[in-house]
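Colleague: Can you read through this structure? Questions will come right after.
The values are calculated or read from the model by the stated rules, or taken from the named source; none is laboratory data. Quick caveat: nothing in here was measured; it's all calculated off a predicted structure. Positions of Cβ are generated from backbone atoms using ideal geometry, with glycine treated the same way; all protein chains shown enter the neighbour counts. To get the accessible areas, we keep the full protein, side chains included, count just its heavy atoms, and leave off ligands, DNA and RNA. Shrake-Rupley method; radii C 1.70, N 1.55, O 1.52, S 1.80 Å.
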Amino acid sequence: MKLAAVGDNCMDVYENIGKAYPGGNPVNVAVYFVRLGGESSYTGVVGTDQYGKLMKEKIAEKGVDVSHIRFMEGSTAITHVELVDGERVFGEYEEGVLADFKLTDEEIDFLCSHDMVVTGLWGKVHDDLAKIQARGVKVAFDAATRPEDPAAVTAIPFVDYLFFATDDGDTPELRETMKQIKAKGPKLVITTLGEKGSIVYDGEKYTTFGIIPCNVVDTMGAGDSFIAGFLKGILEEKPVEECMKMGATNSSVTLEYNGAW
């Protein structure tokens, strides 16, 4: 059971405390999938600066296959973050070499050697998902809070498992949005609702699941943890509700410590 994560990576740079942490949506999902006992790889591009080397080393330390991390001349993507009274305040995002990331044919072949490919809104691979899905590989996509974003709109017809997040709770409007997205192609549309749990639409019914109570220390990576747990359940052919429970359980672990991983 092998998961290929592909797309964006990012260093969260806390200048006021002199620390930098690796992350990014597909990177986090790959790390959490290994934590759950699965196998994963991460495919993406980093810069020739100090952060590129650090990114590859840290991901490798977590047991993720980093054979397809490419170095490009330039700087690794970074997000400037400040800690203000214990809360993270996100500043400027510098995309660096990710701005020019495009999958090669060899990288697509590598991704298709896995059971599933997962990427997200900023991954720059939405135009390649049709090719990947056509080769019989399952595709998962995280649209973050923007399923209407042009990259997500391009991706959705070629995605099996479409994730997005909202803080608005389970509303008739949300259910209608999920229904419209499902009609465009995905097998399942999965919406995470923060502390209100999650909801999944399969074209016939909506399934809801709450949260696993825990001592919340830091919400960084909670959504990506849910995705990793849910997809592990899917690859193990578990029922939808069990997949939701696996996602929520994995989130509860991440919520109890500082940082994504």
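Colleague: State all residues of the stretch 217-247 that are farther than 15 Å from residue 167 by Cβ, open to solvent by 10 Å² or more (accessible area, probe 1.4 Å) and among the β-branched types (Val, Ile, Thr); if no residue qualifies, say none.
Modeller: 217, 234, 240
Colleague: Can you name the condition, by its number, that residue 81 falls short on among (1) closer than 16 Å to residue 26 by Cα; (2) open to solvent by less than 50 Å² (accessible area, probe 1.4 Å)?
Modeller: Checking residue 81 against (1) closer than 16 Å to residue 26 by Cα; (2) open to solvent by less than 50 Å² (accessible area, probe 1.4 Å), the one that fails is (1).
Colleague: Could you list, in sequence order, all residues of the stretch 164-212 that are in a helix (DSSP H, G or I), modelled with pLDDT of 95 or more and not charged (D, E, K, R)?
Modeller: 172, 174, 177, 178, 180, 181
Colleague: Next up: Which ones in the stretch 107-154 are open to solvent by 30 Å² or more (accessible area, probe 1.4 Å), within 23 Å of residue 96 (Cα to Cα), hydrophobic (A, V, I, L, M, F, W, C) and in a helix (DSSP H, G or I)?
Modeller: none
Colleague: Quickly run through the stretch 44-62 and pick out the residues that are open to solvent by less than 50 Å² (accessible area, probe 1.4 Å) and in a loop (DSSP other than H, G, I, E, B).
Modeller: Result: 49, single match.
Colleague: Please determine, by comparing only the residues of the stretch 85-106 that are open to solvent by 40 Å² or more (accessible area, probe 1.4 Å) and among the aromatic types (Phe, Trp, Tyr), which one is farthest from residue 73 (Cα to Cα).
Modeller: 90
Colleague: Looking only at the stretch 64-99, count every residue that is on the phi < 0 side of the Ramachandran plot and either at pLDDT below 90 or assigned to a strand (DSSP E or B) (or both) and tell me the total.
Modeller: 20
Colleague: Going through the stretch 201-254 one residue at a time, which ones are aromatic (Phe, Trp, Tyr) and either more than 23 Å from residue 184 (Cα to Cα) or over 16 Å from the mean Cα position of the chain (by Cα) (or both)?
Modeller: 201, 206, 209, 226
Colleague: Separate question: Residues in the stretch 1-37 that are farther than 20 Å from residue 91 by Cα and assigned to a strand (DSSP E or B): how many?
Modeller: 5
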